[in-house]
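S.K.: Pasting a structure below so you can have a look.
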Amino acid sequence: MKLWKAFVVCSALASGQAAFAQDTDISADSIRLDERAYISEVIGDWALQCLRTEDGGEEPCQMYQKLTDGNGTPVMEITVFKLQGRGIITAGASIVVPLETLLTSGLRMQIDSAPERRFDFAFCTEFGCYARLGLTAEDVAALKKGAVAALRIVPAAAPDQEVALDLSLRGFTASYAKVSTAR
């Protein structure tokens with residue numbers, strides 16, 4: 001449990017320090033991580049971020065994808081991980097957006113043509129604002145079957161506009177099969 005919390009903190013720090021590129025460039029060289037964290041492999045449009053353990057035991061891993069706008073400006077990062085013992089919630093996701101996001105508008109997500117869902121932001125740090133999503137088995141199944149998840153946020157400086165980005169689900173199923181379970 002202690003190691004998993006360290007991994008979540010390291011990944012949050014890594015996401016704030018990431019060297020952004022096009023959302024399809026998720027090679028190990030394009031993402032700067034904490035010295036214990038590394039990219040074990042890239043599957044489709046997802047990177048598998050893992051954390052070296054001090055005792056050489058099982059290394060916790062999570063899925064990662066970063067999203068940029070049409071100009072290559074970084075806008076969002078998402079990590080996905082499995083959860084155990086959380087009732088109907090079987091997985092979690094953390095989405096980081098820029099500080100100048102209108103938090104009261106929340107984060108909206110639509111997987112393919114399914115109904116859109118809204119998620120609140122939980123907190124902000126100097127790296128960005130975080131939405132924490134609890135995903136049910138049905139949510140995970142939809143992500144596995146889907147092609148794209150449309151994500152939308154509203155800039156605080158332009159509350160009459162929205163920023164829409166497509167989260168690629170290419171490689172989601174294979175990546176998810178390799179993700180560690182947080183206890």
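Derivation of every value follows stated rules applied to the coordinates shown; laboratory data play no part. Note that the structure is a prediction, hence the values are computed from the model and not measured. Positions of Cβ are backbone-derived with ideal geometry, glycine not excepted, and every protein chain shown enters the neighbour counts.
S.K.: So if R0 is 22 Å, what FRET efficiency would residue 120 and residue 164 give, r being the distance between their Cβ atoms, rounded to the nearest 0.05?
M.R.: After rounding to 0.05, the efficiency reads 0.75.
S.K.: Whole-Hz Karplus ³J(HN,Hα) for the stretch 137-151, in order, using 6.51 cos²θ - 1.76 cosθ + 1.60 and θ = phi - 60°, x for Gly and Pro?
M.R.: In residue order, the calculated couplings are 4, 5, 4, 4, 4, 5, 5, 5, 7, x, 9, 8, 10, 7, 10 Hz.
S.K.: Here's something else I'd like to know. Report the FRET efficiency, 1/(1 + (r/R0)^6), for residue 99 and residue 35, where r is their Cβ-Cβ distance and R0 is 25 Å, rounded to 0.05.
M.R.: Plugging the Cβ-Cβ distance into 1/(1 + (r/R0)^6) gives 0.45.
S.K.: Further question: Modelled label-to-label distance, residue 84 and residue 71, 7 Å Cα→beta-carbon offset: nm?
M.R.: Taking the simple label geometry, residue 84 and residue 71 are separated by 4.6 nm.
S.K.: Taking the Cβ of each residue in 80, 96 as the centre, tally the other Cβ atoms inside 10 Å and list the residues starting with the fewest.
M.R.: 80, 96
S.K.: Right, something else. Ranked highest first by average number of other Cβ atoms within 10 Å, how do 153-165, 61-73 line up?
M.R.: Result, highest mean first: 61-73, 153-165.
S.K.: For the stretch 48-55, what does the Karplus curve 6.51 cos²θ - 1.76 cosθ + 1.60, with θ = phi - 60°, yield as ³J(HN,Hα) per residue in whole Hz, taken in order and with x for Gly and Pro?
M.R.: Those phi angles translate into 9, 8, 10, 10, 5, 9, 5, 8 Hz.
S.K.: Then there's this: Counting only residues 5 or more places away or on other chains, whose amide H sits under 5 Å from the amide H of residue 37 once H atoms are built in the peptide plane?
M.R.: It is 52, by chain and number.
S.K.: A further question follows. Collect residues whose amide H, placed 1.01 Å from N in the peptide plane, falls under 5 Å from the amide H of residue 154; neighbours closer than 5 in sequence don't count.
M.R.: Distant-sequence amide H within range of residue 154: 102, 163.
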